[in-house]
Protein chains: 2
Amino acid sequence: MAGLLRIGDVVERTGLTHRALHYYEEIGLLVPSVKLDGGMRLYTEEDLRRIDRILELRELLGLSLKEIKRILEAEEARASLLLAARREPTPESRRADLEKALAIAEDQLALIRARLKEMRALEGRLADEAQGLRDALKAS
Amino acid sequence: MAGLLRIGDVVERTGLTHRALHYYEEIGLLVPSVKLDGGMRLYTEEDLRRIDRILELRELLGLSLKEIKRILEAEEARASLLLAARREPTPESRRADLEKALAIAEDQLALIRARLKEMRALEGRLADEAQGLRDALKAS
DNA sequence: CTTGACACTTACGTAAGGGTAAGGTATACT
DNA sequence: AGTATACCTTACCCTTACGTAAGTGTCAAG
């Protein structure tokens, strides 16, 4: 079947382990789109995109899996609401949806900018230290 | 006694909890410089600096406490070697020490720069998304 | 139809603490 | 010296996010 990946392929492409994927399924964070009768999990490309999103939120923003689950569920709810609204568009509810989405995006931006700032400060200190060491080596 | 802090003060100044500090002591990562007969821990300013270093390595570089412990112990060993070498300075051993220190600093720099790159990419995407949402709101 | 690679479940282990209980200690006030 | 009370101690169980066996099942190829 085209485009369906077994767990080993997903491991290879994402860097996650079997155990992590099982765990994500246990907590309902990432349920594979297809499950064979034998129990085998099959993942779609969309599942992979969801994993990338999860990893971003976890590794780069440092969110917990519980928070990530909440965010992804909110985004899903919003997406399906937007689809519904397209058939029956209420300008106010659409505005409210946009505002909620913007608030989430801005929260995440603030978070990442704060982390970036700290990390740049550390980078500077480390770079200075390395330069000092290089100078000391040259002088020796 | 001047300059000695009780655990509550350290909690206040570092943001760590009592429990975390006890845990760091359990695993030998941060042993308070003074311990009274009653069991009470007293921390020095140098202990605080060590905590700052620990937090940097943990939060900004994402290292495990075990790795951090290893790094700090290596740095300490190096520092005392440098002191010893000052009394009996062998140019070669001094060079070797400097080179080892430089290698560590460069490893850390590479790590942080890789993370910075990913984070800037995510920042860009998030900023674009937020802008798109703001435009959509304005147009609504 | 067996074999080897991969997959599955079950279940206990680990890291890094959080929360709370039950009680000890340091200091300040009387 | 007695006591209040604020802070401290140890100790134990809970949680998150997996790691690590151990044993069993499945699937595609030969």
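Read-outs throughout are calculated quantities, based only on the coordinates presented, and are distinct from any laboratory measurement. Here the structure is a predicted model, which means the values were calculated and not measured. Every residue, glycine as well, gets a Cβ built from its backbone with ideal geometry; the counts of neighbours run over all protein chains shown.
As a proxy for reagent exposure, ranking A:ASP97, B:ASP9 by other Cβ atoms within 10 Å from fewest up yields B:ASP9, A:ASP97. By other beta-carbon atoms within 10 Å, ranking A:SER93, A:SER140 with the fewest at the front produces A:SER140, A:SER93. Would you work out if chain B is rounded, prolate or oblate? Take a ≥ b ≥ c from the square roots of the eigenvalues of the alpha-carbon gyration tensor; rounded if a/c is under 1.5, else prolate when a/b is larger than b/c, oblate otherwise. Oblate is the answer for chain B, as a/c is 1.5 or above yet b/c matches or exceeds a/b.
Apply the membrane-span-like helix rule to chain B: whole DSSP H runs, Cα extent along the own long axis of at least 18 Å, mean Kyte-Doolittle hydropathy at least -0.5. List the helices found. Helices passing the filter in chain B: B:65-87, B:91-139. Taking every residue in A:91-98 and counting other chain Cβ atoms within 10 Å of its Cβ, the average works out to 2.
For chain A, the Cβ-based charge dipole about the Cα centre amounts to some 100 debye (Lys, Arg positive; Asp, Glu negative; other atoms uncharged). Each other copy places its own label point for B:ALA96 at 7.1 nm from this one, sorted shortest first, where the point lies 7 Å along the Cα-to-beta carbon line.
In this rough spin-label picture, where each label sits 7 Å from Cα along the Cβ direction, the B:SER80-B:SER64 distance is 2.6 nm.
For A:ARG113, the label point sits 7 Å beyond Cα toward Cβ; its separations from the matching points on the remaining copies run 2.6 nm, from shortest to longest. Annotation for A:LEU83, label-to-label distances across the other copies: 6.7 nm (shortest first, one decimal, point 7 Å from Cα along Cα→Cβ). For chain A, the tally of Lys pairs with Cα-Cα distances below 27 Å comes to 7, considering only residues 8 or more apart or on different chains. Counting only the Cα atoms, the range A:91-140 fills a convex hull of 42 Å³ per residue. Across peptide A:25-37, the average count of Cβ atoms from other chains found within 10 Å of a residue's Cβ is 0. For the protein assembly as shown, the convex hull spanned by the alpha carbon atoms encloses 228 Å³ per residue.
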